Amino acid sequence: MNEFLRTFFFMLFSALNIAIIGRILMSWVDQTGQMRITQILYEITEPILGPLRRIIPQFGMFDFSPMIAILLLNFLQSLVMSTLGR
């Protein structure tokens, strides 16, 4: 059971990281957000990025919330994995 939980959380955190990176890349390709994949990535990542944007100020036109979100997800992943045991 422990191995199942470790695999589940590893895949969950990996999928969230990929979704955030995908959203970053799609913001360069589809700036209007009209493509369906962009909308899906927005729906997946906005619950994570939205609260961070309210806390972290923007520096000019740079939004650092995706980078902070990835760092926080990696920290949370290592915490969960160490709690579940190696």
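The values are calculated or read from the model by the stated rules, or taken from the named source; none is laboratory data. None of these values were measured; they are calculated from a predicted model. Every residue, glycine among them, receives a Cβ derived from its backbone with ideal geometry; neighbour counts consider all protein chains shown.
Values computed for the structure shown
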quantity	calculated
Among (1) more than 12 Å from the chain's Cα centre (by Cα); (2) in a helix (DSSP H, G or I); (3) of a type in the set (V, I, T) - the single one T32 does not satisfy	(2)
Selected residue [farther than 18 Å from M67 by Cα, of a type in the set (A, V, I, L, M, F, W, C), at pLDDT 95 or above and out of contact with any Cys (no Cβ under 7 Å at 6 or more places or on another chain)] from I40, I21	I40
Residues located in the stretch 1-23, provided they are among the β-branched types (V, I, T) and under 10 Å from the mean Cα position of the chain (by Cα)	I18, I20, I21
Unique match (being assigned to a helix (DSSP H, G or I), within 18 Å of W28 (Cβ to Cβ) and either of a type outside the set (V, I, T) or in contact with a His (Cβ under 6 Å, 6 or more places away or on another chain) (or both)) among P47, P66	P66
Single match in R6, R86 (criterion: modelled with pLDDT under 95, in a helix (DSSP H, G or I) and of a type in the set (D, E, K, R))	R6
Residue within the stretch 35-49 that is over 29 Å from T7 (Cα atoms) and either touching a strand residue (DSSP E or B) at 6+ places or on another chain (Cβ under 7 Å) or not basic (K, R) (or both) present	yes
Residues within the stretch 29-86 that are surrounded by 13 or more Cβ atoms within 10 Å (Cβ to Cβ), in contact (Cβ under 8 Å) with a residue 40 or more places away in the chain and not small (G, A, S), tallied	8
Condition met for L16 (closer than 14 Å to A69 by Cα and not charged (D, E, K, R))	yes
